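Below is one structure; the comments refer to it alone.
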Amino acid sequence: MEIKLQKIVELKGTLVLESNLHIGSGNLEMHIGGTDNPIIKHPHTQEPYIPGSSIKGKIRSLLELKTGVAADSYNKNPNGGGIADFKSYLDTNSKQTASILKIFGFSGSDKSATSDEGKKARELGPTRASFADCNLNKEWKEMAVENMWPLAVEKQETAIDRISGTAKRGSLRQTEMVPAGAKFDFRVTFKIFEDSDKELLNMLKEGIELLQKDAIGGYGSRGYGRIRIEGLTEE
């Protein structure tokens, strides 16, 4: 493969929350009067955002399931969680696995090896897709400020005792979330090195469609994290 960049394609649109969204901050420290399950926020503005890594991880996961790559990887290595990596590509020599690795990338240490395996890794080339963090849409944020809409809300949740049908003692928790209706700027760039990469771009677009039928963030089975992407354009 000749590593020569032909062009960079940019996919842009507006990501709209159709239901509440929770992407945890990973901060386990409890503050007086605070929530015990906070969302991730920008450290300077304290505004919620959607990490590009969350978008990338979910689209990759859905495409791995759609193509059967996850099952192939799991069958070869049950402890690997079904994640497609370069080792699973060597084991299966699957075109679908190669496509996943080309779009989303894999460990650089595999490419730096001097063995035949390293040569095969380098033949896959650089990672094609790059996912930007989704920040609050400027126009929507101005509307939210004008109408005094909250950018984050808290919801009390509890577990139910299956026998008594009442709240289970000690299970009450507060979960912070971004309310439905919030809008974020969505942006993904894609590098084209050879004509066959256009097929990979179409595969990525299919992943974006799958994302809109599933959910991102936590508690998707409860209805959280449903989204749609409006006005998706390709430049």
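The values are calculated or read from the model by the stated rules, or taken from the named source; none is laboratory data. Model, not experiment: these values are computed from the prediction. Counting neighbours? That spans all protein chains shown, and the Cβs are built from the backbone with ideal geometry, glycine included.
See the values below:
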| quantity | calculated |
| --- | --- |
| Helices (runs of 4 or more DSSP H) enclosed by the stretch 87-180 - at least 3 residues per element that are under 30 Å from residue 19 (Cα atoms) and not acidic (Asp, Glu) | 95-104, 138-147 |
| From the options 18, 10, residue that is surrounded by fewer than 16 Cβ atoms within 10 Å (Cβ to Cβ), within 28 Å of residue 225 (Cβ to Cβ), at pLDDT 80 or above and in contact with an Asp or Glu (Cβ under 6 Å, 6 or more places away or on another chain) | 10 |
| Filter pass, residue 159 being more than 28 Å from the chain's Cα centre (by Cα) and aliphatic (A, V, I, L, M) | no |
| Only one of 211, 232, 204 that is farther than 30 Å from residue 107 by Cβ, under 19 Å from the mean Cα position of the chain (by Cα) and either modelled with pLDDT under 95 or of a type outside the set (Ser, Thr, Tyr) (or both) | 232 |
| Residues that are in a helix (DSSP H, G or I), of a type in the set (Gly, Ala, Ser) and surrounded by 13 or more Cβ atoms within 10 Å (Cβ to Cβ), drawn from the stretch 190-232 | 207, 220 |
| Search result, residues across the stretch 159-201 that are closer than 30 Å to residue 3 by Cα and not aliphatic (A, V, I, L, M) | 186, 187, 189, 190, 191, 193, 194, 195, 196, 197, 198, 199 |
| Condition met for residue 65 (surrounded by 19 or more Cβ atoms within 10 Å (Cβ to Cβ) and at pLDDT 80 or above) | no |
| Search result, residues across the stretch 218-228 that are touching a residue at least 12 places away in the same chain (Cβ under 8 Å) and over 19 Å from residue 13 (Cα atoms) | 218, 219, 223, 224 |
| Any hit, the stretch 161-177, residues being touching a Leu at 6+ places or on another chain (Cβ under 9 Å) and on the phi < 0 side of the Ramachandran plot | yes |
| Near pairs, Cβ below 7 angstrom, 6+ apart or cross-chain, from the stretch 49-77 (without any contact (Cβ under 8 Å) to a residue 40 or more places away in the chain) to any residue that is among the hydroxyl-bearing types (Ser, Thr, Tyr) and part of a loop (DSSP other than H, G, I, E, B) | 69/94; 72/94 |
| Residue check, residue 177 of a type outside the set (S, T, N, Q) and either in contact (Cβ under 8 Å) with a residue 60 or more places away in the chain or closer than 30 Å to residue 66 by Cβ (or both) | yes |
| Qualifying residue in the stretch 130-148 (condition: in contact with a strand residue (DSSP E or B) (Cβ under 7 Å, 6 or more places away or on another chain) and over 29 Å from residue 37 (Cβ atoms)) | yes |
| Odd one out for residue 74 among (1) surrounded by fewer than 20 Cβ atoms within 10 Å (Cβ to Cβ); (2) in a loop (DSSP other than H, G, I, E, B); (3) modelled with pLDDT under 80; (4) not charged (D, E, K, R) | (2) |
| Candidate set from the stretch 86-133 (those that are surrounded by fewer than 17 Cβ atoms within 10 Å (Cβ to Cβ) and either among the acidic types (Asp, Glu) or in contact with a His (Cβ under 8 Å, 6 or more places away or on another chain) (or both)); member that is modelled with the highest pLDDT | 133 |
| Among the candidates 185, 214, 195, residue that is touching a residue at least 60 places away in the same chain (Cβ under 8 Å) and more than 15 Å from residue 13 (Cβ to Cβ) | 214 |
